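Rule-based calculations on the coordinates, nothing more; no lab input. Treat the numbers as computed from the prediction; the structure is a model and nothing was measured. For neighbour counting, all protein chains shown are included, and Cβ atoms are generated from backbone atoms with ideal geometry for every residue, glycine included.
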Amino acid sequence: MTLAPNVSMDLLRIDPEQVTAQIAAAMKSAVVQGMRKRGVVLGLSGGVDSSVCAALCARALGPERVLALLMPERESSPDSLELGRLAADSAGIPVLVEDISSVLDAAGCYSRRDDAIRTLIPEYGDGWRCKVSLPSVVESDRFRIFTVIAQGPDGTERRARVTPSAYLEMISATSFKQRARKMMEYYHADRCNYAVIGTPNRLEYDQGFFVKNGDGAADFKPIAHLYKSQVYQLAEYLGVPETIRTRPPTTDTYSLPQTQEEFYFSLPYDKMDLCLYARNNGIEPADVAAALGLSEQQIDRVFRDIDSKRRASRYLHLEPQLVADVDEVGG
Amino acid sequence: MTTVEQDVRTFLAENFSLGRDVSHLSATQSLTERGFIDSVGIVELLTFLETRFDIQVNDDETIPENIDTIDNIVRFVGAKRGALEATARDVGA
């Protein structure tokens, strides 16, 4: 990437050794002193965020006090399981595999979602695969309205703009996946007297790329303050296997392959990081545009999208609201 | 106030304001920038416009210039219906 002299990816450079030490100290203090827990559980997806968190947990608490869960379901990419094992082995931590397909079946995750898709694409059925996609922020000023893309067993592709009811049903049914995984993490955490680690990076945490009470739920989030490119710097420092570091970020939520960019973020993660950093630090769109080789108008749209996602995700971050404070609790 | 504007205001009040009056909402005020409606709300608005006014909104027409203020919606719906009527006249002729 060619960058302007004053705005560059160098703004996101960290000292990985110092950051690792800071996170390890904070984790030890929060989990052991603060929560009085004996260790931590985390779900490993095979992605770079959870792999870095696993390595950080092992450093902070010792690998024997960390339990990794691999929680595939029948629509997961086979790579996820393999890469999850690789991350756990690399960090030296024990692994359990919990296939959540039967939990999802019992909850109606697949059938409810498929019924919703059939209201848009009637022929959708056995052997079909699907994903949802948003229009690019940088290519047009269109509102970001989801399109369902379905592919039949013979490769036939159908596309349909969502309706309000289909959209809400699809998203809520699919969220069973993240919530079932979190339920399993808390089962093992309670069983072992451990705390649960959440693995969002700053982009995901800030922009609401998580399911409330699903992957958004956790007792400690070690990398929520770090931009994704900073997580990659930590990954290299911590020795996360290269296969994981070079794999493009995916959602691994829908049955058709889907990048995070297609589903949620408007740019590849490194460009998105710089835009979010610029938005947070008052850097002018023109300067970011020059650095990223985009137009000022495109950066303006990305900034508006960042603001819009922050507004939309405010609810996701809210604690349960009380009518009046209960001062005796939580001190 | 046009019928289209009245219908749109009624829809906004019923769906995004718990039925409370939205006469304070300026016709030139962005519906999305201040969070009056969110991304799901935009989908609901599109569905409403298509069913209430019997028009088809194409993907490339889902832009702020067409649907982000009440004024823009009124202008957009008027243009779509005008185009439909002109087509019907051409077919009839």
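Structural remarks
- Scaled against the 2.2 N^0.38 Å expected of a compact globular protein of N residues, the Cα radius of gyration of segment B:3-92 reads 1.11.
- Environment charge at A:V52 (Cβ cut-off 11 Å; Lys +1, Arg +1, Asp -1, Glu -1): +1
- The label point for B:R81 and the one for A:R311, both projected 7 Å from the Cα toward the Cβ, are 2.8 nm apart.
- What the Cβ-Cβ distance of A:D327 and A:D190 gives, at R0 = 30 Å and to the nearest 0.05, is a FRET efficiency of 0.60.
- When each of A:K131/A:K309; A:K182/A:K309; A:K37/A:K309; A:K177/A:K221; A:K212/A:K271 is checked by Cα-Cα distance, pairs over 28 Å: A:K37/A:K309
- Taking label positions 7 Å along the Cα-Cβ direction at both B:T47 and A:E157, the computed distance is 2.6 nm, reported to one decimal.
- Rounded, prolate or oblate (a/c below 1.5 giving rounded, otherwise prolate when a/b exceeds b/c) for segment A:237-322 by Cα gyration tensor: oblate
- Taking trypsin sites (Lys or Arg not before Pro) as exposed when DSSP calls them loop and at most 15 other C-beta atoms lie within 10 angstrom, chain A has its longest site-free stretch at A:75-331.
- Computed about its Cα centre, the charge dipole of the protein assembly as shown is approximately 840 debye, with only Lys, Arg, Asp and Glu carrying charge at their Cβ.
- Net dipole in debye of segment B:3-92 [+1 Lys, Arg Cβ; -1 Asp, Glu Cβ; about Cα centre; nearest 20]: 260
- Here the simple spin-label model places points 7 Å from the Cα toward Cβ, and for B:D54 and A:L256 these points are separated by 3.4 nm.
- Highest mobility in the GNM of chain A, judged by mean-square fluctuation with C-alpha springs under 10 Å and restricted to A:V19, A:V132, A:V288, is found for A:V19.
- Cα shape, segment A:1-141, gyration tensor, a/c 1.5 rule: oblate
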